[in-house]
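Quick note: the coordinates plus some simple rules give every number you see, no bench work behind them. These numbers come from a predicted model, not from an experiment. We place every Cβ from the backbone using ideal geometry, glycine too, and count neighbours over all the protein chains shown.
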Amino acid sequence: MTSGSEYPAAWIAANREMWDERVPLHAASALYDQAGFRAGRDEIRDFEAAEVGDVTGKRLLHLQCHMGQDTLSWARRGAEVVGLDFSEPAIEVARGLAADIGLADRAEFVVSDVYEAREAVPDEDYDIVYTGIGALYWLPDIEGWAETVASLVAPGGFLYLTEFHPFLNVFTWDGTAEVKADYFRPEPLVTDEPGSYVDLQAETIDNLSYARIYTLGEIVSAICGSGLRLEFLHEHEVTVFQQFPELMRGEDGYFRMPEGRPRLPLMYSLKASRPA
């Protein structure tokens with residue numbers, strides 16, 4: 001595995017081009033519903049709010065923030081926030097949203113690759129470093145990422161992460177769930193297909209992307225190896241996105257396996273702290 005300073009440049013460049021092109025699709029999509037967000041919709045899930053706790057007056061850094069809607073939701077809850085993403089179009093959208101909802105004075109957005117966050121963000125460290133929901137999949141180096149994160153957590157502060165559970169990647173979902181893929185996949189996943197998760201039929205040009213499915217053990221070991229202390233690891237039987245046709249949406253808005261079917265870990269969350 002490469003160190004954070006030696007990650008593959010081609011990997012990052014291709015992914016940046018792919019995400020840059022998809023920002024307008026995402027900003028206009030029903031999934032992100034930016035009109036609803038401007039009107040006050042909160043993007044923070046109830047379990048996230050409970051596990052993170054009161055953020056009033058806290059300095060929160062959101063890594064890989066995309067268009068900043070989660071970032072700004074934490075600002076609405078009272079945090080002083082910085083959002084970081086490598087896509088300049090995404091950050092431009094985030095800054096526009098911050099201005100539209102009157103939070104430009106409490107939310108700063110920075111264009112930077114996550115491995116260069118130490119040099120890019122305005123403060124030396126933060127009370128809360130937050131990331132998740134589809135972020136880790138795009139990283140070429142989980143150990144380098146964890147080292148960067150740990151260097152940004154203030155004494156007495158913590159990393160909070162919520163993500164899709166990697167266990168789900170062993171299944172194919174074409175009407176019946178069946179185990180067809182390895183859970184342990186050290187090789188990169190290279191994709192060159194048009195579309196986006198907000199519109200699978202969208203005609204796009206910059207389609208090459210690189211990703212890596214890390215096991216839960218790899219992720220937790222990288223975080224603990226960075227010097228942070230694991231406070232908890234929670235696995236959740238619900239998810240925020242219908243990744244597979246079998247998942248059913250409940251009255252609470254979450255997706256889960258149908259009643260009567262075995263429950264599966266669909267998401268996880270963790271908290272890892274730096275001693276005061």
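More than 18 Å apart: what percent of Cα pairs in region 55-205 qualify? Before the final figure, lay out each step's value.
Working: 7165 of 11325 pairs.
Of all Cα-Cα pairs in region 55-205, 63 percent lie more than 18 Å apart.
Provide the packing ranking of 217-228, 179-190, 112-123, 74-85, i.e. peptides ordered by the mean count of other C-beta atoms within 10 Å per residue, highest first. Kindly include the intermediate steps, with their values, before the conclusion.
Numbers: 217-228: 18.1, 179-190: 11.3, 112-123: 16.0, 74-85: 23.9.
The packing order, highest mean first, is 74-85, 217-228, 112-123, 179-190.
What order do you get for 252-262, 96-106 when each peptide is scored by the mean count of other beta carbon atoms within 10 Å, highest first? Numbers along the way, then the final one.
Details: 252-262: 12.2, 96-106: 15.1.
Top of the packing list down: 96-106, 252-262.
Please compute the length gained on full extension between Leu31 and Thr191, using 0.36 nm multiplied by the number of residues separating them and subtracting their Cα-Cα distance. Working shown, then result.
Numbers: separation 160, 0.36 × 160 = 57.60 nm, distance 2.25 nm.
Result: 55.3 nm gained on full extension.
So how compact is region 4-273: Cα radius of gyration and Dmax in angstrom?
Taking only Cα atoms of region 4-273, I get Rg and Dmax of 17.9, 51 Å.
Counting DSSP beta bridges with both partners in the chain, what percentage is antiparallel, nearest 5?
Rounded to the nearest five, the antiparallel share is 55 percent.
Expected output is a single nm value to one decimal: the length gained when fully extending between Thr172 and Ala276, i.e. 0.36 nm times separation in residues minus the C-alpha distance. What is it? Write out the running numbers ahead of the final one.
Working: separation 104, 0.36 × 104 = 37.44 nm, distance 4.48 nm.
My answer for the length gained is 33.0 nm.
What is the spin-label model distance, in nm, from Phe241 to Asp46 if the labels are put 7 Å beyond Cα along the C-beta direction?
The modelled label-to-label distance comes out at 2.2 nm.
Helix-only estimate, please: 222 nm mean residue ellipticity of the chain, summing -39500 (n - 2.57) across DSSP H runs of length 4 or more and dividing by its residues, to the nearest 500. Walk me through the intermediate numbers first.
On the way: 8 runs with 77 residues, N = 276.
One gets -8000 deg cm²/dmol as the mean residue ellipticity at 222 nm.
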